[in-house]
Amino acid sequence: MATIKPFLCIRPNSEIADRVAALPYDVYNRKEAKQETIREPLSFLRVDRAETQLPDSVDTYDPLVYQKAKELLQGMIDDKTLTADSCECYYVYELIMNGRSQTGIVACVSIDEYLGNIIKKHENTREDKEIDRINHVDTCDAQTGPIFLAYRSVGIINDTVSLVKKETPLYSFVSVDGVSHNVWRISEPERIQVIRDAFDTIDSIYIADGHHRAASAVKVGLKRRAENPGYRGDEEYNYFLSVLFPHDQLMIMSYNRAVKDINGMTKEQFLTAIKEAFEVTLIGKEPYTPVAKATFGMYFDQNWYALKFKKQSEDITDPVRALDVSLLQDYLLGPILGIEDPRTDKRIEFIGGIRGLKELERRVGEDMSVAFSMYPTSITELFDVSDAGKLMPPKSTWFEPKLRSGLFIHRLS
């Protein structure tokens, strides 16, 4: 059973919600983040990336940064940019991008269910990235960016959400990237109970995006338990902020690859080596988007090629090895290009599908030798890997649209 809890939300007042809402902290480098906070002084990115409000000489992970974040968050509460709701609620959050809608429930989920693998993961996390968000959450005493969770669609939840969406939203705006955001509040005890009871029947929920934020929230909760040995278990630090989406509304985009060199081979040697495991078809100048699993596009020497894996990937029973990202790694990037560990190898870069195939051409024209366009990992594959207790290779999924930070804030005490 999955426990999802309504919560006392701190959120923007409706007149300026569009200005406060910010993309996740980790989609920007420091320079980009600073430019964004100059463009929009109310952006919640000021809190999520508080180094933007300090001199450039201050290190991104200096304790001063987290104290500044705490100060800025409290300032937004004091000046009424942010307000607190008076009762525990769920929220319905709809995002519309390019005509596609996905609607999730904003709630808090249990750190014990994360530890007990009811909330399932598909990625490793890096300690340095965890430490940053642990310090941010602990110092601010708040979770400011929701975790993107997925669950297998349930009819009664869908029906309840559909009824709520017929009402007047709290927020309705279009962000500068063209994504529509609509938010409704669920405060009625009867509706809250219907949703809680429905999630009680769900065995597993899955982290789609936000593994580092989830791990950090859990570690802050465990830290506070250690500091409070008489804890009851219902304190707010035992839960973390999430948006839960039904699986059949989600879109995963490709996460493409680019490599700096072809490992000392000539063009002819490289193409010959690829033909061991792939059928290779010259496409020409037209960018090639894979249209089926186990197919790949390759941009090399100013031409596009279509690659098709010769074996049947469906015959590979391990759910990780059957992923397209694994097929490319195991049969081309590793044995041919010498990319043994894509987590650490500086010769490979990962390019989100939102940037398009022209970005692959641009990078090959500038500082890369070859790039690969991928067929997107499916949500079913994500579930299969997680259910098997396994982990995906790095950069296997790219979810769009991105959830906004600053619309929903969960205080820990």
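The values are calculated or read from the model by the stated rules, or taken from the named source; none is laboratory data. Since we're looking at a predicted model, the values are computed, not measured. Virtual Cβ from ideal backbone geometry, glycine too; neighbours counted across all protein chains shown.
The residue of region 161-203 that is surrounded by the most Cβ atoms within 10 Å (Cβ to Cβ), among those that are closer than 18 Å to Ser405 by Cα, out of contact with any Asp or Glu (no Cβ under 7 Å at 6 or more places or on another chain) and of a type in the set (A, V, I, L, M, F, W, C), is Val183.
So in region 319-348, with the set limited to residues that are at pLDDT 95 or above and acidic (Asp, Glu), which one is surrounded by the fewest Cβ atoms within 10 Å (Cβ to Cβ)? Filtering first and then ranking leaves Asp330. For region 38-71, the set of residues classified as assigned to a helix (DSSP H, G or I) and either farther than 24 Å from Leu241 by Cα or touching a Phe, Trp or Tyr at 6+ places or on another chain (Cβ under 6 Å) (or both) consists of Ile38, Arg39, Asp48, Thr52, Gln53, Leu64, listed by residue number. Within region 381-398, one or more residues are closer than 30 Å to Tyr237 by Cβ, in contact with a Leu (Cβ under 8 Å, 6 or more places away or on another chain), assigned to a helix (DSSP H, G or I) and not hydroxyl-bearing (Ser, Thr, Tyr).
When the criteria are applied in full, Phe372 fails the requirement of being closer than 24 Å to Met251 by Cβ and without any contact (Cβ under 8 Å) to a residue 60 or more places away in the chain. Say we look at region 139-150 and pick out the residues that are more than 15 Å from Ile409 (Cβ to Cβ) and of a type outside the set (Phe, Trp, Tyr); which of these is surrounded by the most Cβ atoms within 10 Å (Cβ to Cβ)? Out of the qualifying residues, it is Ala150.
The rows are residues; the columns are (1) within 30 Å of Gly104 (Cα to Cα); (2) aliphatic (A, V, I, L, M); (3) within 22 Å of the chain's Cα centre (by Cα).
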| site | (1), (2), (3) |
| --- | --- |
| Val325 | yes, yes, yes |
| Leu332 | no, yes, no |
| Arg347 | no, no, no |
| Leu382 | yes, yes, yes |
| Pro394 | yes, no, yes |
